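Novice: Sharing a structure below in C-alpha cells format, with a few things to ask.
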Amino acid sequence: MSNVKDSVCKLCRRENMKLFLKGDRCFSDKCAFERRPYPPGQHGQSRLKFSEFALQLREKQKTKRYYGVSEKQFHKYFVEAARSKELTGTALLKFLETRLDNVVYSLGFANSRREARQVVKHNHILVNGKRTNIPSIIVRKGDVVEVASTSREQVRIQSAVQSVARRSVPAWLEADHAAFKGTVKDLPNREEISVVSEENMVVEYYSR
C-alpha cells in the first residue's frame, strides 16, 4: 500500500468517489466527501474539460487508490493481467480484489484496507492455518483466511467485526465472524467486484 502522508479524505474528493480509506468515518456525517463532494484546491469547484488522457489517468489513479497499492505494484499487476487469457481489465481487477489485505477487509476483520494491511503485517492473520504477513499475497479458491486465536481480542479487530454490518461481504467470500474465519468460495467475476472503475480506460492508459 502506498505511504500516503497527506489527508486521505482528499483522495476521495479528488477521485469523486468514496474510497473508504478511513473506516467508520466514511459511514458517518463527518465524511469529507459527503460534506464537500468536489476536488480539493481553489479550482475544485470549477467546471473543467478533461482530455482523453486525463480521463484515463483519473481512472487509473482511482483504481490504484481504492485498493491502496503503489504505482509500481499496480503496473506489475497490469503486466500480469495482460499476459492472462482473460480480458486485461477484468484480470487486473481480479488480481487487486484477491490480494490478502483486500480479502481481510472484505471479510470484515478490518475497518479499512489500510488497517487490513497493518493487521496482516503484524502477524494477526492465518491463511490455511499458517501465519502470513505479506499483504500482497493472492488468495486462491478454497483458501481459509482467519484471525489468529491470540489476536481476536484486539480492539481494532473486535471493532471491525462489530461494524461489518454496515457493508456486505462479497458473494465470492463466506465469512464466519463468530469463529473469526472466512473462506474463498470462488474467484470473483466482474459483476461481484464493487469498485466503480472503467477498467478499459486503465488498459488504454497503459497501452499508449
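Novice: May I ask you to verify whether residue 119 is closer than 27 Å to residue 201 by Cβ, outside any loop (DSSP other than H, G, I, E, B), without any contact (Cβ under 8 Å) to a residue 40 or more places away in the chain and of a type in the set (Val, Ile, Thr)? First the steps, then the outcome.
Specialist: Values: closer than 27 Å to residue 201 by Cβ: no; outside any loop (DSSP other than H, G, I, E, B): yes; without any contact (Cβ under 8 Å) to a residue 40 or more places away in the chain: yes; of a type in the set (Val, Ile, Thr): yes.
No: the conditions fail for residue 119.
Novice: Kindly evaluate residue 160 against the criterion of being under 11 Å from residue 109 (Cβ atoms), among the small types (Gly, Ala, Ser) and surrounded by 12 or more Cβ atoms within 10 Å (Cβ to Cβ). Full working, then the answer.
Specialist: Numbers: under 11 Å from residue 109 (Cβ atoms): yes; among the small types (Gly, Ala, Ser): yes; surrounded by 12 or more Cβ atoms within 10 Å (Cβ to Cβ): yes.
Spelling it out, residue 160 is indeed under 11 Å from residue 109 (Cβ atoms), among the small types (Gly, Ala, Ser) and surrounded by 12 or more Cβ atoms within 10 Å (Cβ to Cβ).
Novice: Out of the range 84-95, which residues are within 17 Å of residue 143 (Cβ to Cβ) and in contact (Cβ under 8 Å) with a residue 60 or more places away in the chain? Quick ask: steps written out before the conclusion?
Specialist: First, pick out the residues of the range 84-95 that are within 17 Å of residue 143 (Cβ to Cβ): 94-95.
94, the sole residue that qualifies.
Novice: Select from the range 84-116 the residues that are modelled with pLDDT of 95 or more and of a type in the set (Lys, Arg) and write down the one among them that is surrounded by the most Cβ atoms within 10 Å (Cβ to Cβ).
Specialist: Per the criteria, the residue is 99.
The values are calculated or read from the model by the stated rules, or taken from the named source; none is laboratory data. Every value quoted in this text rests on a predicted model; they were computed, and no experiment measured them. As a convention, Cβ positions derive from the backbone with ideal geometry for all residues, glycine included, and neighbour counts pool all protein chains shown.
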